[in-house]
Amino acid sequence: MHYTGPVYRPPPEADTPLLEVTYGCSWEKCSFCTMYHSQKFGISPLEDVEEDLKELSRYYPKDLKKIFLVNGDAFALPARKLLEIADLIHKYFPEIECIACYASIRNIKRKSIDDLKNLRKAGYNRLYIGLETAYEPTLEQMQKGYTKEDEYHELSRLKEVDMNYVALLMLGVAGRGNCIESAKQTAELLNEYKPVMIIPTSTSLEENTPLHDMVINGEFVEATERELVEEELTLIENLNMDDDCFFFGAHVHNLIRINYYFQFKEEMIEDLKRQVDRIEGMRPGFLDTVAKRGHL
């Protein structure tokens, strides 16, 4: 298999075969991220992609239903290239129903509605989108390269072509004092354009990032553990998701780990509150400390 540099995939895709079609990240400007600092963005030759599919076909059954494209920015490829890759995938796995990958608002924006329709028809139907938040000042500060208006517009186009997406969020990314507003505005966006899954992770500091420099310069103040938990609770309380939408809140970097379908929203809220009470009972004042965990 051709795997170039660090390889990442979302936790829910742990059992999904990984096919490299790009490596690195085409943006590489987000203020908080170090994931691909060691690897420049590049595109895998189609010969390598087909060679890897041949290898995968020796280990996975012909009736494989899903495959995940790596690395961090596969949807940055032009629609034509993505369709060529889909053709190869269907050649070796004719029963594939879902081609999943990371995506961004930026690279969705570069595709026409006809492009998106054709990609959906070809099997692209689970985009893991790093929205982080719908709080406008934070999108600018974190150098996401798009606006809140862009988020609404591009998600509306995914809805138009019936393409599913997973919302990747960052608790605490708005900084101290802004977490509740960030949660409310993000919930409004997700309520309008419902994802099939929501994955929140906690924001933390990485050296050699603009965010690290912002903290040192006093331009950004980290949220406390209490603010992170209150943001997550506010987010859940304000979300109006379909019953089968899954909240994957068990990321390794989250202080409190919860996994629930929204069918059990009230149980999820009670579980979160119960775990907060347990932590406070064991370590009074702990939640008022600042989080300093690594970021995925």
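When the residues of segment 114-157 are narrowed to those that are assigned to a strand (DSSP E or B) and either out of contact with any strand residue (DSSP E or B) (no Cβ under 8 Å at 6 or more places or on another chain) or of a type in the set (A, V, I, L, M, F, W, C) (or both), which ends up farthest from L69 (Cα to Cα)?
L131
So P12 passes all but one of these: (1) buried (at least 18 other Cβ atoms within 10 Å of the Cβ); (2) part of a helix (DSSP H, G or I). Which condition number does it fail?
Evaluating P12 over (1) buried (at least 18 other Cβ atoms within 10 Å of the Cβ); (2) part of a helix (DSSP H, G or I) leaves (1) as the failure.
Quick test for you: out of I199, I180, pick the one residue that is of a type in the set (A, V, I, L, M, F, W, C), closer than 22 Å to L239 by Cβ and over 14 Å from the mean Cα position of the chain (by Cα).
Within the list I199, I180, the selection yields I180.
Of all residues in segment 187-235, which are free of Cβ contacts under 8 Å to residues at least 12 places away in the same chain and under 17 Å from L171 (Cα atoms)?
Listed by number, the residues that qualify are H212, V215.
Would you confirm, using the coordinates I've provided, whether D162 is in contact (Cβ under 8 Å) with a residue 12 or more places away in the chain, in a helix (DSSP H, G or I), among the charged types (D, E, K, R) and farther than 19 Å from Y8 by Cβ? Before the answer, list the steps.
Numbers: in contact (Cβ under 8 Å) with a residue 12 or more places away in the chain: yes; in a helix (DSSP H, G or I): no; among the charged types (D, E, K, R): yes; farther than 19 Å from Y8 by Cβ: yes.
For D162, the condition - in contact (Cβ under 8 Å) with a residue 12 or more places away in the chain, in a helix (DSSP H, G or I), among the charged types (D, E, K, R) and farther than 19 Å from Y8 by Cβ - is not met.
Taking segment 231-272 on its own, how many of its residues are at pLDDT 95 or above, of a type in the set (D, E, K, R) and open to solvent by 60 Å² or more (accessible area, probe 1.4 Å)?
Within segment 231-272, residues that are at pLDDT 95 or above, of a type in the set (D, E, K, R) and open to solvent by 60 Å² or more (accessible area, probe 1.4 Å) number 7.
Every residue in segment 108-140 that is of a type outside the set (A, V, I, L, M, F, W, C), more than 18 Å from L77 (Cα to Cα) and surrounded by 20 or more Cβ atoms within 10 Å (Cβ to Cβ), please. Give the derivation first.
Taking segment 108-140 and keeping what is of a type outside the set (A, V, I, L, M, F, W, C), we get 109-112, 114-115, 117-118, 120-121, 123-126, 128, 130, 132-133, 135-138, 140.
Restricting the remaining residues to those that are more than 18 Å from L77 (Cα to Cα) gives 132-133, 135-138, 140.
E132, T133, Y135, T138 - these are the residues of segment 108-140 that are of a type outside the set (A, V, I, L, M, F, W, C), more than 18 Å from L77 (Cα to Cα) and surrounded by 20 or more Cβ atoms within 10 Å (Cβ to Cβ).
So, of the residues in segment 178-212 that are in a loop (DSSP other than H, G, I, E, B) and either closer than 23 Å to A250 by Cβ or among the hydrophobic types (A, V, I, L, M, F, W, C) (or both), which turns out to be most open to solvent (accessible area, probe 1.4 Å)?
Selected residue: K194.
The values are calculated or read from the model by the stated rules, or taken from the named source; none is laboratory data. Everything numeric here is computed off the predicted structure, so don't read it as measured data. Cβ sites come from the backbone with ideal geometry, for glycine too, and all protein chains shown count toward neighbours. In case anyone asks, the SASA skips ligands and DNA or RNA and just uses the protein heavy atoms, side chains included. Shrake-Rupley method; radii C 1.70, N 1.55, O 1.52, S 1.80 Å.
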